[in-house]
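K.L.:
The structure that follows is given in the form of structure tokens.
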Amino acid sequence: MDSILLWPILVPLLGGLLVLAVPRSVRFWKESITLLATGVNLWLVCSLFDKNLYYFWSWLGFGNIEFSLRLYHFSSFIVIAAGAFAFLIGLYSLSFMKYRNYLRQFYAYLLWSLALANGAVLADNLIVLLFFLEALLITSFGFIAIGSKDSMKTAIKAFIIMGITDICLMTGAIIAGYLSGTLTMSNIHLTVSGLGGLAFILMMIGAIAKGGSMPFHSWIPDAAIDAPLPFMAYIPAALEKLLGIYLLARICLDLFQLQAGSWASITLMTIGAITILLAVMMALIQKDYKRLLSYHAISQVGYMILGVGTALPVGIIGGLFHMINHAMYKSCLFLTGGAVEKQTGTTDLSRLGGIGRKMPITFGAFIIAAMAISGVPPLNGFFSKELVYDGALKSGAIFYLAAVAGSFFTAASFLKLGHAAFLGKISEENKQVREASPVMLIPMIVIAAGCILFGVYNSLPLQHLIQPILSVKQLAGERFAGWPASSMLVVVTCVVLIGALINHYYGVKSEGSGLKAVDHIHYAPGLKGIYDRAEKRYFDPYDIGLKLAGYLSQITWGIDKAVDWIYETAAVSVSFFAGRKARELYKGYYASSLSWALLGFLVIALYLMVTLNG
Amino acid sequence: MFSLLIFVPLFIVMLINMPFGGIRKSAYILAFLLALAQIVFTLLAFFTPLSPLSSGRQDILGNFFNFRIGVDNLTLVLLFCIGLTLLVTLLTGREVVVDQRQRFNFVNLLVIAMAGLNGIVLAQDIFTMYVFLEIAAVASYILISFQKGILALEAAFKYLILSAAASVLMLSAIALLVLVSGDTSFAIISQALRDGSGGFPVKLALGLFVCGFAIKGGIIPFHGWLPDAYTEAPAPVSIFLAGIVTKTLGLYTLIRVVTVLFGQAAYISQILLVMGILSVVFGAWMALTQNDFKRMLAYSSISQVGYIILGLACGPGWGLAGAILHILNHTVFKSLLFVNSAAVETKTGTRNMDQLAGLSDRMPVTSFTSIIASLSAAGVPPLAGFWSKLLIIIGLWQAGFKLVAVIAVLASIITLGYLLSIQRRVFWGKLGSELLNVKEAKGGIMISAVLLAAIAIGVGLAFPFIPAAMLNSLSSLLGG
């Protein structure tokens, strides 16, 4: 019973309440509370690192639904990452969110999201896990809803998509609990077959949707436009990836024993590969800084799913390493986007350009993070991608090809983004742009430095944070730190990156600007039509679902009308017709009354005589 | 003691007709106290343990006059209903029958009818039962027509004609029974029927009895007199007829003679089932198209009596218990509806529902109590009618008459349909200009409406607490 485990949940929770409790007019209060709470939380979870703690409280008193928390290597790693991001993004928001509306709500959501994420990661009971994950929907909804006047629609979209997938997760969790007879996560060990297979699929849907995988992704690009930017860096880029992939890894490693080459593994890898390719293709053609990043946030989760889905140690290690790397460089990229938005007032790439000279530190952080996401050695993204490639190649060449193709387009789109935003000719309106405030720069610099650190010195995260997640037996003595084992893969990666560079030069040369560098792909025969439809949301599962729901409600409305007609018209007229006919039989004459009575008597007497003989 | 229930009313009739000065004026009070006393007496008797019917409780007066009476739970239920209906009839009659002379006649006839009804219920002898039945019936003919309206006279005459046919049938049946058993006492007849092989005379007697009682009870196709009589009788008399007279004359006798005395053979069940379902469905359908408030209630009575018959058809068990409870509940809610119709008729001067609308604002208590009664009649939980209908339908299902059970459930939708159409046409909607000055009914009508509504709700809410033993004693009548 280590009640200290409650503090990572309680500290941000109480912090959020304090933020809301104090009047708006008290200055610096909410900011200082946020920094204090996230800082205390970070210090707390760091001090708990690599301990094995367990907290248990009989919660509802029935079933085996108890409030149990468990801290071990994996969960402590995730809560540290979450705490660090919360602290840095809190710091960043001090400057970014200045002079905006709903500030108290924003900071409260920030703190509560942290509390709920900590709770979800520490939970050792499926019901407790669901409780925290569901509650996280509320803060996400709030975050998006306070973004702008029109963001309510996007908030509802996110809420519905996540709500539906959480129902899948819930159903899967209940089936898993039913099959294993317990809801305590550390005691559930199932196989992926029969009902267990259904539970696996359902829980997997919940996990990958949390991570933002296709086809549950479509709210993220919309939120990129509508929600406050720190939300994007915080929730979809960092916390949800951490939670989703943590959950996926728990499902694949603990709750179920995923076997390499099994149908479940193939399914996961297919989802991963498709997500990588489709999302990166959409990212390629975006003309907005934040929207482009948001598609990459979807695309990159494909690598993680692909890696974990291989069920091979190298793939899982790669996927998890990619998870933490992605959280770092994607947050950093969103933060640079926020800096650009704050300083220039726009994220529309056609109105940007040439500001690299004005904002050199932002540009530097961008270059490091963009190189990391493209997988340029020796940054962290390179190493984690190599591990994922290794696992994918061992599972099937097709997955490897998809992953490598994804890399090519990732690199191409970031060359385009960097070129269009920071290089080229500066426009008139951006002449006066200045570097962002230090409060915003510090988080970017810290995270960018982390990207370099995790790349150059990759044995630090791999050996101390990630490898211990797998058991010694699973690792089978393999080592993953250091330079990639297969130099052939490195060569292919380098060739692909150089190819992307050449492609960029070709594009710039033929189209004349960085913004249009990929237009030869965008308007390629065959692709153009697909792109046009995708931009019009023909492929958005949410919109398709809405349309189907519309048809369904029309059909049910028709059925309802028919039922109404039966009740209101058919039944009534039949009854009245029968009533009139029955009245005609009886007019009230003595003779007819008497003869009816005598007729009845005769029938009864006849019936009795028949039964007498029989 | 129970013979007092017959003799005290007779004594009071003699007393109030004595040529003393003031005694006439106290007739109403005496009758009222009599009804009250009967209610209290039966309620007290409910809570004292009873010996079974077969041992027959006889008392000194009964021996002296040489007729046999007996009491069981069924008898007590009926006695309670008689007292209650009489009370409500007197309360309503005070508002409706204004003329002193007419009121005196009205009270006289009611007390005579009461003696007859009590006699039917208590009799343990087939001929005694017949005699009391005729007493009650004759009082009823006159009650229908004592105000000498032309339509009421016609209705009473129609009732008389059909009742004459019923008398012939019943007397013939009694003669046949005496032929078979040599005595008129229930115990001896029952013994003889059990010993003998039956044969044609017994079956003929059975058929004659069924038809005779069915005429008295107004069961389709023997119902010809009933709609006219209920409609044209003065308002309080309608309450009395619908509330208790047809129940006792037709249904109680049917239970006592046909199902208890003759025993529940399969062919009796078949006959009762057919008559019951005909009454339920056709009664409801015909009620649906009526424009006259009371006529709709009259057809509704036929339909509800059909449910009781269906309960009887199930034989011993939940069905029979439900049938007996439905007698009680029907007394309550149908009397209440007739009280409401009396209120509407006295205050607006019409019973034609096409001329009425929007009275709920002017007559809130009447409107509310009629909703309670309608819902109870349609069998909406938690009102009293729900439980008895539920028992009947469970009984039908258990006895294997599943199709009939389904039809019975569906028919209660029609029941709700026409009863709600009363609400819609009379109480809801826009108040007509000629009805602007209508006021809520007062005094006796109001008291009886509230009293009956309270019983309908109270019995419904208290039903789950009624001891199972009481239901069992109701349902095991036929076990012997």
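The values are calculated or read from the model by the stated rules, or taken from the named source; none is laboratory data. Every value quoted in this text rests on a predicted model; they were computed, and no experiment measured them. Cβ coordinates were reconstructed from backbone atoms using ideal geometry, including for glycine residues, and neighbour counts include every protein chain displayed. All accessible areas refer to the heavy atoms of the entire protein, side chains included, with ligands and DNA or RNA removed. Shrake-Rupley method; radii C 1.70, N 1.55, O 1.52, S 1.80 Å.
K.L.:
Leaving out ligands and nucleic acids, note down the accessible area per residue over segment B:324-377 with a 1.4 angstrom probe, in whole Å². Provide the component values of the computation, followed by the final result.
P.N.:
Details: 1370 Å² over 54 residues.
Here the per-residue accessible area is 25 Å².
K.L.:
I've got another one for you. Compute, for chain A, the length of the dipole vector about the Cα centre, with Cβ point charges of +1 (Lys, Arg) and -1 (Asp, Glu) only. Units Debye, rounded to 20. Working shown, then result.
P.N.:
Numbers: 42 positive and 31 negative charges, 229 e Å.
Magnitude of the dipole: close to 1100 debye.
K.L.:
Among A:Ile305, A:Cys332, A:Leu229, pick out the residue whose Cα is farthest towards the positive end of the charge dipole of the protein assembly as shown, where Lys and Arg carry +1 and Asp and Glu carry -1 on C-beta, about the Cα centre.
P.N.:
A:Leu229
K.L.:
Using protein heavy atoms only (no ligands, DNA or RNA), what is the total accessible area buried between A and B, 1.4 Å probe, nearest 100 Å²?
P.N.:
Numbers: alone 26410 and 17990 Å², together 41890 Å².
Result for this pair: about 2500 Å² buried.
K.L.:
Of the options B:Met114, B:Asn472, B:Gly460, report the single residue whose Cα projects farthest towards the positive end of the charge dipole of chain B (beta-carbon charges: Lys, Arg +1; Asp, Glu -1).
P.N.:
B:Gly460
K.L.:
Related question: So how far, in whole Å, is the C-alpha centre of segment B:273-289 from the one of segment B:320-388?
P.N.:
What the calculation gives is 19 Å, centre to centre.
K.L.:
While we're looking at this one, here's another question. Arranged from highest to lowest average of other beta-carbon atoms within 10 Å per residue, in what order do the peptides B:215-223, A:452-460 appear?
P.N.:
B:215-223, A:452-460
K.L.:
Taking the full set of protein chains and a 1.4 angstrom probe, give the accessible area of A:Cys252 in square angstrom, rounded to the nearest 10.
P.N.:
10
K.L.:
Which is farthest toward the positive dipole end of the protein assembly as shown among A:Gly354, A:His217, B:Thr89, measuring Cα position about the Cα centre, with Cβ charges +1 (Lys, Arg) and -1 (Asp, Glu)?
P.N.:
A:Gly354
K.L.:
How much accessible area does B:Met446 have with a 1.4 Å probe, in Å² rounded to the nearest 10?
P.N.:
40
K.L.:
Here's a follow-up. Carbon-plus-sulfur fraction of the accessible area of the protein assembly as shown, 1.4 Å probe, in percent? Walk me through the numbers before you get to the answer.
P.N.:
Details: 28800 of 41890 Å².
Carbon and sulfur: 69 percent of the exposed surface of the protein assembly as shown.
K.L.:
Could you give the dipole magnitude of segment A:543-613 about its Cα centre, charging the beta-carbon of Lys and Arg +1 and that of Asp and Glu -1, in debye to the nearest 20? Intermediate results must be reported in sequence, preceding the final value.
P.N.:
Details: 6 positive and 5 negative charges, 70 e Å.
The dipole magnitude comes to about 340 debye.
K.L.:
Among the complete DSSP H segments of chain B, which ones combine at least 24 Å of alpha-carbon extent along their axis with a mean Kyte-Doolittle hydropathy of -1.0 or more? Don't skip to the end; give the middle numbers.
P.N.:
Numbers: long enough: B:27-46 (29 Å, 2.39); B:73-96 (34 Å, 1.73); B:100-122 (33 Å, 0.90); B:126-145 (29 Å, 1.93); B:150-181 (46 Å, 2.11); B:199-217 (27 Å, 1.46); B:266-288 (33 Å, 1.97); B:293-313 (30 Å, 0.94); B:318-348 (43 Å, 0.75); B:402-422 (31 Å, 2.24); B:443-462 (28 Å, 2.32).
What comes out of the filter, once short or polar helices are dropped, is B:27-46, B:73-96, B:100-122, B:126-145, B:150-181, B:199-217, B:266-288, B:293-313, B:318-348, B:402-422, B:443-462.
K.L.:
Helix A:240-250 sits at what angle to the longest principal axis of chain A, using alpha carbons and giving 0 to 90 degrees rounded to 10?
P.N.:
Between helix and principal axis, roughly 70 degrees.
K.L.:
Using a probe radius of 1.4 Å on heavy atoms only, what accessible surface per residue do you get for segment B:132-228? Whole Å² is fine.
P.N.:
Details: 3340 Å² over 97 residues.
About 34 Å² of surface per residue is accessible.
K.L.:
Calculate the mean, over all residues of peptide B:273-285, of how many other protein chain Cβ atoms lie within 10 angstrom of the residue's Cβ.
P.N.:
Values: counts 0, 4, 2, 0, 0, 1, 0, 0, 2, 6, 1, 4, 10.
Across B:273-285, the average partner-chain Cβ count within 10 Å equals 2.
K.L.:
Here is a follow-up. Angle check, please: helix A:487-511 long axis (alpha carbons) against the longest principal axis of chain A (alpha carbons), in degrees 0 to 90, nearest 10.
P.N.:
90
K.L.:
If N is the number of residues in segment A:543-613, what value comes out of its Cα radius of gyration divided by 2.2 N^0.38 Å? Don't skip to the answer; put the middle values down first.
P.N.:
On the way: Rg = 25.3 Å, N = 71, 2.2 N^0.38 = 11.1 Å.
Cα Rg divided by the expected 2.2 N^0.38 Å: 2.28.
K.L.:
Checking the a/c ratio against 1.5 first, then a/b against b/c, what shape does the Cα gyration tensor give for segment B:1-263? Intermediate values should be presented prior to the final figure.
P.N.:
Working: a/c = 2.13, a/b = 1.34, b/c = 1.59.
Oblate, since a/c reaches 1.5 and b/c is not below a/b.
K.L.:
When the Cα centres of segment B:185-256 and segment A:21-56 are compared, how far apart do they sit, in Å?
P.N.:
Here the answer is 86 Å between Cα centres.
K.L.:
Another question, then. Quote the charge dipole size of segment B:135-276 about the Cα centre in Debye, to the nearest 20; the model charges only the Cβ of Lys and Arg (+1) and of Asp and Glu (-1).
P.N.:
On the way: 7 positive and 5 negative charges, 22 e Å.
Taking the Cα centre of segment B:135-276 as origin, the dipole is about 100 debye.
K.L.:
Is the shape of segment A:81-166 rounded, prolate or oblate, going by the alpha carbon gyration tensor and its root eigenvalues a ≥ b ≥ c, with a/c under 1.5 for rounded and a/b larger than b/c for prolate?
P.N.:
Values: a/c = 2.89, a/b = 1.25, b/c = 2.31.
Judged from the Cα gyration tensor, segment A:81-166 comes out oblate (a/c at least 1.5, b/c at or above a/b).
K.L.:
Hey, another quick one. Before rounding to the nearest 500, sum -39500 (n - 2.57) across all DSSP H runs of length at least 4 in chain A and divide by the residue total; then give [θ] at 222 nm in deg cm²/dmol.
P.N.:
Helix contribution divided over all residues of chain A: -23500 deg cm²/dmol.
K.L.:
Using the alpha-carbon atoms, what tilt in degrees (0 to 90, nearest 10) does helix A:571-585 show relative to the longest principal axis of chain A?
P.N.:
Around 0 degrees separate the two axes.
K.L.:
When only the heavy atoms of the protein chains count and the probe is 1.4 Å, how do B:Asp72, A:Asp564, B:Asp195 rank by accessible area, highest first?
P.N.:
Numbers: B:Asp72 10, A:Asp564 55, B:Asp195 115 Å².
Highest to lowest solvent-accessible surface, that is B:Asp195, A:Asp564, B:Asp72.
K.L.:
Further question: Quick one: grab Rg to one decimal and Dmax as a whole number for chain B, Cα atoms only, in Å.
P.N.:
In Å, with Rg to one decimal and Dmax whole: 21.2, 71.
K.L.:
Can you give the average number of partner chain beta-carbon atoms within 10 Å of each beta-carbon in peptide B:262-272, as a whole number? Numbers along the way, then the final one.
P.N.:
Values: counts 0, 0, 0, 1, 1, 7, 2, 0, 2, 6, 0.
Across the residues of B:262-272, the mean count of other-chain Cβ atoms within 10 Å is 2.
K.L.:
Just to confirm my numbers, what's the Cα centroid distance between segment A:118-173 and segment A:335-403 in Å?
P.N.:
If we compute the Cα centre of each part, the gap is 28 Å.
K.L.:
What is the ratio of the Cα radius of gyration of the protein assembly as shown to 2.2 N^0.38 Å, where N is its residue count, to two decimals? List each step's numbers first, then the result.
P.N.:
Working: Rg = 44.6 Å, N = 1094, 2.2 N^0.38 = 31.4 Å.
Output field value: 1.42.
K.L.:
Let me ask something else about it. So, counting K/R as plus one and D/E as minus one, what does the shell of residues with Cβ under 12 Å around A:Met162 add up to? The partial results should precede the final answer.
P.N.:
Working: positive: A:Lys157, A:Lys210; negative: A:Glu134, A:Asp166, A:Glu240.
Here the charged neighbours net out to -1.
K.L.:
Taking only the alpha-carbon positions of segment B:267-480 and ignoring solvent, what does the Debye formula give for the base-10 log of I(q)/I(0) at q = 0.11, 0.12, 0.15 Å⁻¹?
P.N.:
Log10 I(q)/I(0), no solvent term: -0.52, -0.61, -0.88.
K.L.:
Quick check on segment B:314-393: take the gyration tensor over C-alpha atoms, sort the square-rooted eigenvalues as a ≥ b ≥ c, and tell me if it's rounded (a/c under 1.5), prolate or oblate. Walk me through the numbers before you get to the answer.
P.N.:
Working: a/c = 3.44, a/b = 2.64, b/c = 1.31.
Prolate, since a/c reaches 1.5 and a/b exceeds b/c.
K.L.:
Which value results for Rg/Rh of segment A:30-149 when Rg is the Cα radius of gyration and Rh the Kirkwood radius based on the inverse mean 1/r? Show your work: numbers first, answer last.
P.N.:
Details: Rg = 15.7 Å, Rh = 15.3 Å.
Dividing the radius of gyration by the Kirkwood radius yields 1.02.
K.L.:
Just tell me how shielded A:573-584 is by partners: mean number of partner chain Cβ atoms within 10 Å of each residue's Cβ, no decimals. Before the final figure, lay out each step's value.
P.N.:
On the way: counts 0, 1, 8, 3, 2, 8, 11, 4, 3, 11, 7, 0.
The per-residue average across the peptide is 5.
K.L.:
Using a probe radius of 1.4 Å on heavy atoms only, what accessible surface per residue do you get for segment A:150-527? Whole Å² is fine. List each step's numbers first, then the result.
P.N.:
Working: 12600 Å² over 378 residues.
Here the residues of segment A:150-527 average 33 Å² of exposed surface.
K.L.:
Would you mind checking the radius of gyration and Dmax of chain A based on alpha-carbon positions, in Å?
P.N.:
For chain A, the Cα-based Rg and Dmax read 30.6, 116 Å.
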